[in-house]
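Here's the structure we're looking at; comments come further down.
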């Protein structure tokens, strides 16, 4: 029989070829699923570490030498700190939405509080770092919702560096506002003040409410 005739012979539909193709496809799918599962298991720790590194980026910017930033419940703020004075921040400090204990070698060396106040384009979250003496070690505003080239400039070092080494009782009246972004600048200042008051509340440092 010529090859031309062989090529023109009708082929059986896939569903009429018996169980062999089904078994082959099932085996292929099973192997693929198994390989994906093994890959996910092998890389899960690495992916978890990478996700944590990204989440801790702003915290590391404030405390680059620290190695842990565990979250603390706002309802029991302060229980992990030397004062061991648990305070419920949710009632008196509604602008505070996050609190992190900063540790180095297992020892508490500071705190990070995140506060949000109304800016021009919405609330502007600000992470504020404090050492145990109550000094501000730095701030990291998230001004992504503010106007580009204006309000977003409150995230630049020219503005944020003004808050470093300030005491909790500092009224921050001498902070130079970002040009054409007064509302955004005042929002950041308000959040820093709120964070300072909340920090002093559970650390028993003068400057709280």
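The values are calculated or read from the model by the stated rules, or taken from the named source; none is laboratory data. Note that the coordinates shown come from a computational prediction; the quantities given were computed from them, not determined experimentally. Backbone-built Cβ (ideal geometry, glycine too); neighbour counts: all protein chains shown.
Taken over region 54-81, residues that are part of a loop (DSSP other than H, G, I, E, B), touching a residue at least 24 places away in the same chain (Cβ under 8 Å) and either within 15 Å of the chain's Cα centre (by Cα) or on the phi > 0 side of the Ramachandran plot (or both) amount to 5.
Assess whether residue 137 counts as being in contact with a helix residue (DSSP H, G or I) (Cβ under 8 Å, 6 or more places away or on another chain), crowded, with 22+ Cβ neighbours inside 10 Å and modelled with pLDDT of 95 or more.
No; evaluated as a whole, the condition is false for this residue.
For residue 101, the conditions (1) surrounded by 15 or more Cβ atoms within 10 Å (Cβ to Cβ); (2) part of a loop (DSSP other than H, G, I, E, B) are fulfilled apart from (2).
Give the residues of region 126-148 that are over 27 Å from residue 82 (Cβ atoms) and either in a strand (DSSP E or B) or not assigned by TED's automatic domain parsing to the domain that holds residue 195 (or both), sorted by residue number. Give the derivation first.
First, the residues of region 126-148 that are over 27 Å from residue 82 (Cβ atoms): 141-148.
The one that is over 27 Å from residue 82 (Cβ atoms) and either in a strand (DSSP E or B) or not assigned by TED's automatic domain parsing to the domain that holds residue 195 (or both): 141.
When region 137-175 is limited to residues that are farther than 14 Å from residue 124 by Cα and in contact (Cβ under 8 Å) with a residue 60 or more places away in the chain, the one that is farthest from the chain's Cα centre (by Cα) turns out to be 137.
Taking the conditions exactly as written (without any contact (Cβ under 8 Å) to a residue 60 or more places away in the chain, under 16 Å from residue 78 (Cβ atoms), outside any strand (DSSP E or B) and assigned by TED's automatic domain parsing to the domain that holds residue 182), does residue 90 satisfy them or not? In short, yes.
Here is a yes/no grid of residues against (1) exposed (fewer than 10 other Cβ atoms within 10 Å of the Cβ); (2) outside the structural domain of residue 131 (by TED's automatic domain parsing); (3) farther than 30 Å from residue 203 by Cβ; (4) modelled with pLDDT of 90 or more:
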| residue | (1), (2), (3), (4) |
| --- | --- |
| 7 | yes, yes, yes, no |
| 23 | no, yes, yes, no |
| 28 | no, yes, yes, no |
| 48 | no, yes, yes, no |
| 68 | no, no, no, yes |
